[in-house]
Amino acid sequence: MKIEDVKDIISFAEVNGYSAKVSDVSYIVLENTFSNKTLAYRALFNNTENNTEEHIKEYDKSEMIQCIKQYMFSNKYIITNDELDEIKNKDNISAEENREGLIKLIGRIENAMDNGKMSQKDGIAKMVDIRSRLQSKFEMEKTNERTNIIIPPSYNAICPYCGHEVTAKTEDNE
């Protein structure tokens, strides 16, 4: 959210007859982020006389806060927890779901080639691309074992005077 967005929100509140401040907008953002009215209020307004649960509930239910919240939700400055969960679920597809989707896509390409909606050349190129992606993905999963590289030490002794690592002559390196 940019400063211009905050100014727009405050202007909207003023048009509707409320004298909103940046702290009111901040409260709504924090309350949406924390999912906790008390924590959001106390983080912004750390005064002890208005820190009661009753006052916080009254502030949260005020017409000004409700007006600003509605504007922020409708203009997507903040989103509901249900919308956030929906976005997270869309973004989190498993490797198996991805594989199944690619396999279905191959079937759709074959149907399009059979129906004449796609040329053989384009269809085959797309299928080769999908199949190579599937193959490389499964090869990576199969060979995802650890590879250890052993580097022989270049120093084989400690200098008795200065304490640094040094190469001392031995029977092996003469």
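Odds and ends about this structure:
- Extending 7 Å from the Cα toward the beta-carbon at both Lys104 and Arg133 defines two label points whose distance is 1.5 nm.
- Each peptide in 55-63, 37-45 was scored by the mean count of other Cβ atoms within 10 Å over its residues; highest first, the order is 37-45, 55-63.
- Cα gyration tensor shape of region 95-142, rounded if a/c is under 1.5, else prolate or oblate by comparing a/b with b/c: oblate
- Peptides 12-20, 114-122, 99-107, ordered by how many other C-beta atoms sit within 10 Å of their residues on average, highest first, read 12-20, 99-107, 114-122.
- Local net charge near Phe12, Cβ-Cβ under 13 Å (Lys/Arg +1, Asp/Glu -1): -3
- Of the cross-linked pairs Lys37/Lys61; Lys7/Lys37; Lys21/Lys61; Lys2/Lys57; Lys21/Lys69, those separated by over 18 Å at the C-alpha level are Lys7/Lys37; Lys2/Lys57.
We did not get these values from a lab; they are worked out from the coordinates using the rules stated. Worth saying up front: this structure is predicted, and the values here are computed from it rather than measured. Don't worry about glycine lacking a Cβ; one is built from the backbone with ideal geometry, like all the others, and counts go over all protein chains shown.
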